[in-house]
Every structure is written in structure tokens, then in C-alpha cells.
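Written out below as C-alpha cells is the structure these notes cover.
None of the figures in this text is laboratory data; all of them are computed from the coordinates on show. Source: prediction; values computed, not measured. Virtual Cβ from ideal backbone geometry, glycine too; neighbours counted across all protein chains shown.
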Amino acid sequence: MKKGYVNIVLHAHLPYIRHLDDETVFEEEWFYEAMCESYMPLVRMLFKARDEKLKFHITLVLSPTLVEMIKDRANCKGFVEYLDKHIELGEKELKRLEGNDEFYRVAEDTLNLYKAARNEVVNKYGEKLINALIGLQESGYVEIITSVAAHTFLPIYESRPSLVKAEIATANSVHFTTFKDYSKGLWLPDCGYYPRLDEILKKNAIESQYFFVSPVSFALAKNNIKRGVYAPVKTTSGMYVFAFETSLMNLVTSSIDGYPGDDDYREFYRDIGYDLPLSYIGEYVPDAEKRGFTGYKYYSVSGKKEDKKVYNKDKAMAKVDMHSSHFVDSIEARVKEVGPLIDQDPVINLAFDAELLGHWWKEGIDWLYSVIKKIDANDNLSLITSSDYIKIYPDAEKASLARSALTLNTYASPYLDGSNNKIQRVIFNAIDKVEDITARYYNDKNPVRLRYIKQAVKEMLLATSSDWLQIMHNNTSPIYAERKIEEHLQSINKIYDLLSYGKGDTSWLVRQEKKYPLFDAIDYHTFTNK
Amino acid sequence: MERSTTKRLQAFNRRALEYLAKRGTDDDVENLTDEELVEAIYDIYPKDAILSMQFGRNIPRIDNEEGSLINDVPLYFTRTSIDVLPIDLHWFYVFWSISPSQKAELLSKDINTKLMLRITDTKDNSLKSDRFILFDTECTFEESERSIYIEKNIYNLTMELVAIQKGKEKVIAKSYTYDFVQPLITEKKLSKKANTLLFAPLLNRDNNLVVNNQIISEYYDKINEDNE
């Protein structure tokens, strides 16, 4: 039997949210929840696997906006306050639940998660959370790669390559200034690909060798790809492209029968924030006057709302063992099926949102650890990164890939439905304005003017974040999303007016720069059609 | 009015208050004071709903309602242009604008000037091959966007905005050309092996395609037929 390589890619991303002085906005909680429940436990688990000398290599995508938020000391301070609040609630819960062993154990486990996070943030990393990720990169077990600066879904802006170039170049700069090395690969948001995008990636993502696409791009390629999705192809510009094995990914991500929906796993939506009196939980939810999640969840998925069973960790861990075995067996079966059909050891490419593991699916990180352990013990399988696979098999088939996105049926439909398509008119208009000023002042030396232009490019990148379109599509916080886009576009209008017709307003500029302390290394020269 | 809910509403900016008030009053909300807008919102929504209206969360949108905050971002910088965005295999969102000076010029020359959206394609994958008109569809000066359905599988799509004056056509804006690589399915007979290697990730546990994509379905069926 041929050896099968397993290329697991974890994609970590959050939109840039920073409202430290605005008490009416609570979206920073998204960051704190993901840090505490997903990113930090994931880092902890990967270091544990390293210490146990398990053989593994995994790819972690860190979007530039997430990296900037993790690097932000103010966010770190906010995170510690968040943890303190949750530890206080946990201690109250232990008192309340004394004598009720089943619930007590679950509360204690949750409390320990907050305590472990606090201890690491304050004592281990000195409130510099980014050090945890740098340490992971330096361990050699994890390849950290970047995405697009503001997580923009690039196919929408195919006709505006200036924006696409600036997104890629800025992402690359953020990665380099953070990790002191260029990213070896790139994650395209929602894997949105269009013909010849690779040429822009090649020119603007220094040293990046590879990116990922949906299997639809391979299935509908102009030429027949002989090794199918089980080996990368090479584009005419020389970039390697890996396609995901979506049917195996669905074992986890399917909303109908994915592993996380098993009865014995922890129920995400049943939280004491909705079960206990507001007078008790009020100070521990984002808005004291409204119910919300506290993180203390005592039930398993089992049954309907009224008949849910108390969460039992032992039962959940038994399912983790069962599901990780099933997953590894399924990968092995696929390797047995496709191995004889191609002339090299196949690679199975699998991607998961990092926030799924730990946050949405509490046991997800334990499941991944178990998968790593079982692959380590399996002679036929081996975990690998894209870079290492390319080193083993540098000769890839040439291919002209079709446009596609990870949302398989579509090129861009979640981003261009009736809830959000009208926004593109104003966004395109703003892109044209930013192109106009970057071209006009391309060789300008005036330092203040250059700050205005840099700010305009930054606001343009942030305005095109796919998160805002996704939020409008899902109708979760559409007003917030529109407000963010509006704010960025108004800033661009202001800068355009100031540069075209008026005098500067440096106090406004300073305020805006402080409000968005990210993408320092932005090079506005990339935002041109030159 | 309770202090907590009033405080919540006072945190909203003018546009947000107008947005919320517009949904339940026939009054011209632009002419209402902030206090009157708050009053109007109280008349429209129950207290619980107002409490859930912290900015950034849980203000539900009503489908197709007007009053998006984005409509308030001034466009100015208007040029004559047309932009097309592919949504899926067959649907395209197209929006255009005609500069005020061009519109005035067109109508001054001929008050009966007509406008048309022209959709063109090429006959194969090559961008250099001959372009032909897929179809024309009439539009008006008042319109500025359409969602267009194209049944045929296309290769290289371009849309044009065409002005027709006294029987003569003039292209006043042309979109970016989108390249839709199409597999050469008619030219090659693919093996069952290709079916496994390319389509296995697109099948569910029952071996049915999970992708609702006409080209993929045709392609997949053809390979199966070729190998029967």
C-alpha cells in the first residue's frame, strides 16, 4: 500500500474589531471567546503533542486582522479582564452547585479553562499572546501561513486588481513583521479563486509557494488533471495549488451528520446566561440588561431543549475516541482507493475553521489531538504540510484551473445576494477614488499627505472584508456590518476631499490612525494598476 | 420611558435612529428631531426589542426594506461605467452609472435615446477568439442595476452599456471580461480513474454529487457513460 500524506490546515480568522472606548459595542467578546476556547487550548494541545514526541506537521492560517488583534496590548488587557470576570462567575457557580456533583464537575472544568488561560496570558506570555504563536512556529511542528489582509473575498474584486494586490502585499508584510519570515503559503478567503489570480499572488506574495482551492477548480480545469485532487498542480505562474478533500471534511463539518452534532458532546446554545435569573448573571454577560452567553454550559446535545442530559465528560471523550478512529480509518480507506491510481504517494488536504474546535465544538481540540496520535501510530499515514509535500514531489502537473469557492455551488452567492449586493456600487466607487489618489501621489514625498493616503488604503482594505458581507447575508448583525463599511467609506471620502480640494485635518487623521492601529507596514504603492 | 432603553437609543447616531423609525411610520423621518425619532421608535417596537438594539447586534433586517446606512455614503466621483459580478454559474449582478454630463449630452442629441445592456461571449476558451452577442436587453435611464440570468455555459463574458440614437448604436461603457475556463469534455474520453480522482471529494456518503452545478453533473455523467 502506498503511504498517504495528510495535510491538515486550520484556518483562524476574526474580523478587525476594536471599540475599546465604546461601551455600547460588545463585539470584542468574539475575540476573547475564540482566544480562550479555541486558540489558546489549540496552542496548548500542539505543544503537548510536541512534548510527547508525536510525529506531526500541521498548517495554521492566521489572518492578518487576527494577528493584529493578538498583537494589540489593549486587547490583551481586555482579555485578562474578561477572564477575571469569568473566573469570578465560575467560583460563584461552584458555591451554588455544591452537593450537585454532576453540574459541579462541569462548572469546575469550565472554570479551569479560564484559569489556565489567565495563567498563561499573565505568567507565561507576559500579556504578549503573539509569543505563543511565534513559539509554535519556531517549534517546527506548525507552519503558520497568512491570508488576505482584511479577509476580502477576492473574486468580487477581480476587475479591480489594485485592491487585490494591496490585500496580498499587506498580508505578506504583516506576516513578515510578526514572524520574521515570509509566509510559505496563502489562504484565499472561502478559497475564492478566479483564473490568473495566481499571477497576482505570485508577484505580490514574496516567497509564497502555494495556496488552496475547492475541488471544483480541479474537476472543471481546462485540462484533465491526472492525479486528481490527491496531488498539487502547478499554475503557469509557477504556484502550487492544493485542492481539498471536501467529502472527508464533511465528516466533521456537515450540519446534518457531522461529528460535533453527536448527542454526547457539549451543547453550545444551552448556557446559564439564558437559564439563570438576570440578576445573577447580569454582570457576567456583555450587556447587563440583556441575556447572553457566559461560557458556563452544563448540558449535552442530547434531546430537545427541555430533556437535555447533563454533560458527561467521560461519555464525550469516549465519542472523541470513536470519531477520531472513524476519521483516520476513512482517510486510510481513501488512500487505499486512490493510491494505486496515481504514480506518487497521495496527499489528502483537509481544512477546518480553528474556531470550530473548542469554541463551537468543545471536544474538537481533543478530537484533533486524538487524530494526530492515531496518525502517528499508523504506518500507512503521515501528517505533512504543503511545503514538505512539495519538497518530496516538486514536479507537479500543469493546470488551468476553473473559478470556484469553498461554498461548492457558487462563485460568490453568499457575498452577492439581495442583502448585500448593493453595497458593491459604493465600494467600487471608493476603490476607484483610492486608485485615483495613489496614482496621483505615487511619487509624492510630503510625509503628512502620505499618511492620509496610507490611511485611505487601510480603510479601503477593511471596508472590503468578507465578514461584513457574510454578516449581512446571515442577518446576524447587519447594522453593525453596514456601520463598519460606512465608516470606512466616509473616511475615504474625507481623505479624497482633503487631498483634492481642501486643507488637511490632522487631528482627524491622528484620531483615525489611533482608532485603527494595524497594517503599519502597508505600502500604498501596491494599490495601483501600474 | 425607562432610563435604560432611552439611554440605549441615545447611543445611536442620527442615521440609525432614522433607519429604525422608517420601518414603522409614514412620517418623513428626516424632518423629525432626535427626540421625536426616539418617541417614534417607542411606538413601533416593544421594550424587549429596544433593549436588544445595541448597535452591532440583533437589529433584524426586513427583506428589501429601504433605508440602508450605505445609501447615505455619497458617491459623487460618478463616471460612466459598468461592473459585472459573477454570482454563480448562471447569475450575474450588474450595476452601472452614467455621468450627469454624458446623460445630458445623450438626451440633448436625441430625447428618445434608448439604452441597452449587451451581453457578449466568445466561441471557445480563448480570449482572442471572435466575440459574439449573446443577447441584448433594453434598460432605462432610471435603472442602475440588474441581476441577469444566462442559461448557456459561457467562456468569456463582457457586458456593455449601449446607447441607441436614431438607429445608431454607441457603446458608452464596457465591463471587465470574465474568463470562465470550461473543461474540454467533448474532446476527451476520461477514464473511471479520473472520476474517482476528481469527483470523490464532491460525493456524499451515498455517492451522490453534493454540488448543484450543471457542468459538473454533465461532466460526471459523461465519464460514467463513457465507462459503462
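Estimate the FRET efficiency between residue A:52 and residue B:137 by the formula 1/(1 + (r/R0)^6), using the beta-carbon distance for r and 51 Å for R0, to the nearest 0.05.
According to the calculation, E is roughly 0.20.
Picking from A:438, A:383, A:465, whose Cα lies most toward the positive end of the charge dipole for segment A:370-506 (charges on Cβ: Lys, Arg +1; Asp, Glu -1)?
A:438
Less than 17 Å apart at the alpha-carbon level, and either on another chain or at least 8 residues along: which aspartates and glutamates does that give for residue A:2?
A:329, A:332, A:337, A:343, A:345, A:376, A:379
Positive end of the dipole of chain A, charges at C-beta (+1 Lys, Arg; -1 Asp, Glu), about the Cα centre: which of A:338, A:218, A:238 has its Cα farthest in that direction?
Most positive-ward Cα: A:238.
Output the Cα-based Rg and Dmax of the protein assembly as shown in Å, rounding Rg to one decimal and Dmax to a whole number.
When restricted to Cα atoms, the protein assembly as shown yields Rg and Dmax of 27.2, 90 Å.
Where nothing but the Cβ of Lys and Arg (+1) and of Asp and Glu (-1) is charged, how large is the charge dipole of segment A:407-530 around its Cα centre, in debye to the nearest 20?
For this selection, approximately 360 debye.
How much length is gained on full extension from residue B:212 to residue B:36, taking 0.36 nm per residue of separation minus their Cα-Cα distance?
Residue separation times 0.36 nm, minus the Cα-Cα distance, leaves 58.3 nm.
Enter the mean number of other protein chain beta carbons within 10 Å of the beta carbon of each residue in A:482-492, as an integer.
That average works out to 4.
Go through A:359, A:46, A:277 and say which Cα lies farthest out towards the positive end of the charge dipole of chain A; charges sit on Cβ, +1 for Lys and Arg, -1 for Asp and Glu.
Most positive-ward Cα: A:46.
Only bridges whose two residues both fall in the protein assembly as shown count here: according to DSSP, what percent of them are antiparallel, nearest 5?
60
Lysine pairs in segment A:413-526 with alpha-carbon atoms under 15 Å apart, 8 or more places apart or on different chains: how many are there?
Qualifying lysine pairs in segment A:413-526: 13.
Relative to the Cα centre, what is the charge dipole magnitude of the protein assembly as shown, using +1 at the beta carbon of each Lys and Arg, -1 at the beta carbon of each Asp and Glu, and rounding to the nearest 20 debye?
About 2400 debye.
Across segment B:81-179, how many lysine pairs separated by 8 or more positions, or lying on different chains, have Cα atoms within less than 30 Å?
27
Grab the other residues whose beta carbon is less than 11 angstrom from that of residue A:405, score K and R as +1, D and E as -1, and report the net.
Its environment carries a net charge of -1.
Based solely on its DSSP helices, what 222 nm [θ] is calculated for the protein assembly as shown when runs of n ≥ 4 H residues each add -39,500 (n - 2.57) and the sum is averaged over all residues, nearest 500 deg cm²/dmol?
After summing the helix terms and dividing by the residues of the protein assembly as shown, the value is -13000 deg cm²/dmol.
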